[in-house]
Amino acid sequence: MGACGASAFPPEGLAGALTADLPRIAMIADRVRACGRCPLSAGRTNAVPGEGDGSSGILLVGEAPGRNEDETGRPFCGAAGRNLDLALKEAGILRPTVFVTSIVKCRPPENRDPTPAERAACRPHLLDQVAALRPRVLVALGRHGLSGLLGEAPPNFASLPGSFVAGPGGIPVFVSLHPAAVIYRQRWKEAYLRHWRAFGEWHRSGVPAVPGLVLSPPPSAE
Ligand code: SF4
């Protein structure tokens with residue numbers, strides 16, 4: 001199934017099985033769709049609040065919606081979405097059980113990077129989602145996902161993919177390469193899939209994550 005081929009959030013019949021606060025997640029999604037806190041609201045076709053039931057305890061955070069996401073209102077469509085599906089398959093994790101979102105919920109024009117002001121304006125939505133989902137672990141999809149979670153850009157991003165850092169509210173953040181960044185770089189793609197394989201093993205092991213724990217070396221160390 002393509003990354004954008006299924007129905008919208010929240011899925012039916014899952015509420016009883018979840019630890020996440022689904023009504024609060026739905027309320028946040030409504031707030032995002034009506035949000036005009038930053039200029040990105042003016043150019044959007046659809047805001048993209050995020051989707052997934054969060055029952056795995058995993059919350060994934062990317063950078064921003066692109067054209068496909070803007071058209072559908074759903075996160076990680078197209079080639080990047082297919083690479084995300086590949087990573088989750090490698091990890092043995094079902095996509096509907098993770099919550100997938102981004103640091104800004106509306107598409108920046110021409111897919112430019114979101115500005116610091118746009119990130120800051122959207123950050124409360126992200127932190128609300130973290131509080132409502134109560135995840136075991138956050139996953140930063142690329143440098144921008146990580147800077148959105150931490151509230152500032154990490155100076156040493158290249159050394160971080162494949163490892164954990166301290167995140168908001170004491171929740172550990174696993175750092176991944178961005179699914180779009182590996183499309184044309186075979187060496188990075190191999191590292192990306194290796195990281196996700198290791199992440200899946202860690203997730204099933206029940207071992208606590210501590211900042212600095214390295215599951216698999218970053219491509220810069222090879
Ligand atoms: S990007 Fe975030 S803060 Fe800006 S309008 Fe969209 S939802 Fe609101």
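Quick one: net charge around Glu51, please, counting Lys, Arg +1 and Asp, Glu -1 for every other residue with C-beta under 10 Å from its C-beta. Once positives and negatives cancel, what remains is +1. Rounded to the nearest 500, the helix-only mean residue ellipticity at 222 nm of the chain stands at -11500 deg cm²/dmol, with each DSSP H run of n ≥ 4 adding -39,500 (n - 2.57). Among Phe99, Phe157, the order by Cβ neighbours within 10 angstrom, fewest to most, reads Phe157, Phe99. For Glu51, the residues whose amide H sits under 5 Å from its own are Val100, ignoring neighbours fewer than 5 places away on the same chain, with H placed 1.01 Å from N.
Whole-percent P(r), the range 142-222, all Cα pairs, 10 Å bins from 0: 19, 53, 27, 1. Averaged over residues, the count of other Cβ atoms within 10 Å places the peptides 54-64, 69-79, 120-130 in the sequence 54-64, 69-79, 120-130, highest first. Normalised by the number of residues in the range 20-207, the mean separation of alpha-carbon contacts (under 8 Å, six or more apart) gives a relative contact order of 25 percent. Sequence-distant contacts, meaning Cα pairs under 8 Å at least 6 residues apart, place the relative contact order of the range 91-156 at 30 percent.
The translational diffusion coefficient of the chain, from Stokes-Einstein at 37 °C and 0.692 mPa s with a Kirkwood hydrodynamic radius over alpha carbon pairs, comes to 191 µm²/s.
None of the figures in this text is laboratory data; all of them are computed from the coordinates on show. Predicted, not measured: the structure shown is a model, and the values here were computed from it. We place every Cβ from the backbone using ideal geometry, glycine too, and count neighbours over all the protein chains shown.
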